[in-house]
Amino acid sequence: DEMLAMKSYPYVGQEGQRELQVLKEIKSQGIPFLFDCIKEDGSMNIFMEYIPGKNLRQILQSKHVFTEKEVLSIGKKVLHIIQLFHAHSPQWIYGDLKPENIMITEKGEVYLIDFGSVMIDGEKHMDVHGTKAYYCETAGAMLPFRDTYALGLIMYEMLTGCSYQQGMLNGKADVRQLSGECQAIMKKAVRLNPQEGYEDAIHMLKDFDLWENAITEGRISYQSRKRNDVIGDTCRFLMHGFLKPESQGMLILLVI
């Protein structure tokens, strides 16, 4: 009488085989427990633990904007799961970290689901799956950076209520209201050059621990809002406003 979840894959295909492999090899909190796999009629049916709760996308769609403490807590739990992949031998990359694949139970437990996009270091021939909005195309597929980059984008979305790409387009990418520790992690995570970002989940966890200690000890740092607002407005004017003829005329009058 126990509730289970079942996923059905074509018997021939990488995704189903990869999901089964991950569930067999990783037995840990945050990974659904594998009960059985039944292969019949050209399909492979995987029976696993049913995770009650909502995925992160559903919570975001309810217009819930997370606090830094909530993002810290959820982010650390995700990284503890991801580090199991990065520490695996041979190294694994989760490959499709996005809000839809992060489950949060009513008790606050965090699970990852959907392991069909997991990539294994050393594979010469493989189909690379994933969600374009959450990976850096210039970084290469077979790097743990792919996962830490995605978490940086997810953090931004949780703290602002919109995606990083939308924020850049509509001018809402300003995160100066956040603590310096939080900003530093996000900025490093979303670097386009993997050499400037996080090497893997273990390195990102170290900065999360520093962020958590700063909050616990009351050492959290915030920039001066007023000064930054003036600087930010001036930069935006010089970068964008000066390109407009009326702005150019006004600036000339001011100079005269």
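Computed from label points 7 Å out along Cα-Cβ, the spacing between Ser28 and Ala133 is 2.8 nm. Taking each residue as 0.36 nm, the span from Ile252 to Val65 lengthens on full extension beyond its C-alpha to C-alpha distance by 63.0 nm.
On the beta carbon distance between Tyr222 and Ser73, with R0 = 22 Å, the FRET formula returns roughly 0.65. Between Leu192 and Tyr50, the simple spin-label model (points 7 angstrom out along Cα→Cβ) gives 4.6 nm. Taking 12 Å as the straight-line reach from the Cα of Lys132, the aspartates and glutamates in range (excluding those fewer than 8 positions away in the same chain) are Asp96. Tell me, what % of the accessible area of segment 2-131 is carbon and sulfur with a 1.4 angstrom probe? On segment 2-131, the fraction of accessible area on carbon and sulfur atoms equals 51 percent.
Accessible area per residue for segment 32-119, computed on protein heavy atoms with a 1.4 Å probe, is 45 Å². Pop the C-beta distance of Arg176 and Ile202 into the FRET formula with R0 = 25 Å and round what comes out to the nearest 0.05. Plugging the Cβ-Cβ distance into 1/(1 + (r/R0)^6) gives 0.30.
Here Glu40 and Gln165 are evaluated by their C-beta separation; at R0 = 35 Å the FRET efficiency comes out at 0.25. For segment 1-131, the convex hull spanned by the alpha carbon atoms encloses 126 Å³ per residue. For segment 57-128, evaluate the Debye formula with one uniform point scatterer on each Cα (no solvent term) and list log10 I(q)/I(0) at q = 0.20, 0.25, 0.27 Å⁻¹, rounded to two decimals. The computed values of log10 I(q)/I(0) come out as -0.90, -1.21, -1.33.
The values are calculated or read from the model by the stated rules, or taken from the named source; none is laboratory data. Not measured: the values here are computed from a predicted model. Don't worry about glycine lacking a Cβ; one is built from the backbone with ideal geometry, like all the others, and counts go over all protein chains shown. Only protein heavy atoms, including side chains, enter the accessible area calculation; ligands, DNA and RNA are left aside. Shrake-Rupley method; radii C 1.70, N 1.55, O 1.52, S 1.80 Å.
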